[in-house]
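Beneath this line is the structure, given in C-alpha cells, with notes to follow.
The values are calculated or read from the model by the stated rules, or taken from the named source; none is laboratory data. Please read all numbers here as calculations on a predicted model, not as lab measurements. Cβ atoms come from the backbone with ideal geometry, glycine included; neighbour counts cover every protein chain shown. SASA here: full protein model, heavy atoms, side chains in, ligands and nucleic acids out. Shrake-Rupley method; radii C 1.70, N 1.55, O 1.52, S 1.80 Å.
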Amino acid sequence: MYNLVVKDILVQKKQFVFYFAYILLIIFAFQGLGEAMFSAGVVAFTYMLVMTSCAYEDKNKADVMLNSLPLKKSTIVLAKYISVLVYFILGTVAYTILMSIVGNMGFSIRIYPLTLESFCGGLVGVSLLSGVYLPIFFKVGYIKSKIFNFILFFGFFTGFSFLVNILNDYQDSALSKSIADFLQNTGDGVIAAIILVIAFIFLSVSYFISLKFYKNREF
C-alpha cells in the first residue's frame, strides 16, 4: 500500500509547483476569505491532486496493470483514500510555510495563520469532496466521471457560499443561537474531535461503497 501512495505522489511531481503556486495565489488574491483562506486553498490543492492521480491512472490504464498483480482490490482502493489524507497534510504544510514566508517579507496583506477551526473546516471539505467523488471514479473511471467532477467541484464552493449567506441571514434564529451556545460552551478540542470522527465515518462509508463498486467493475 505504501508503494501505491508513493506512486500517486511521484507521477504528479511536476504538477506540485503549480499547485503550490495556487495556494500562494489564494493568499494574495482572496484576502476577503479571512480565516477560510486555508480551507479554500488546501481543499482545492488536495482535490486537484486527487483528480490528477485519477487522470494519470486512466490514461496509463493503471487499473489493468494493478489488477494483474497480486494485490487485493481493497488495498488499491484504500491506498487512494490514504493518498487524499497525505495530499491534505502536504497542503497544510505548504500553506503554513508559504504564509510564514509571505508574513516575513513585509507585504501589505493580512496574514491568516492556520487555526484549529480552519484545519477542521479544510478536513471536512476534503472529506466531503473526495468521499463523494471517489465512489463515482471507482464505479465508472475518470473519463466518464469528468462531468460529475466539474459539477461537484464548483457546486461545492457555490454551495458553501450559499450556506454562509443563509447562516448570516438566519443568525438570530433560535436554531442558530442554540448552535452558537453549544459551540461557545464546548471546548475547541472536543469540537475538533467530533469533526474528526464525523469525517472519518464519512470517508469509511465512502471507502466501502468504492470497494463494492471496484469489485464489480470489469477491466
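Here are a few things to note about the model shown:
- Sequence-distant lysines (8 or more away, or on other chains) whose Cα lies within less than 17 Å of K14: K59
- Of the trypsin sites (Lys or Arg not before Pro) in the range 48-81, the ones in a loop by DSSP (not H, G, I, E or B) with at most 13 other beta carbons within 10 Å are K61, K72.
- Selection of chymotrypsin sites (Phe, Trp or Tyr not before Pro), the range 30-116, meeting DSSP coil and at most 15 other Cβ within 10 Å: F30, F107
- Each residue, I109 and K14, gets one label point 7 Å from its Cα in the Cβ direction; the gap between the two is 2.8 nm.
- For the range 1-138, the share of accessible area belonging to carbon and sulfur comes to 71 percent (1.4 Å probe, ligands and nucleic acids excluded).
- Three-way shape label, the range 63-120, alpha-carbon gyration tensor, a/c 1.5: prolate
- The length gained on full extension between V93 and M1, counted as 0.36 nm times the residue separation minus their Cα-Cα distance, comes to 30.8 nm.
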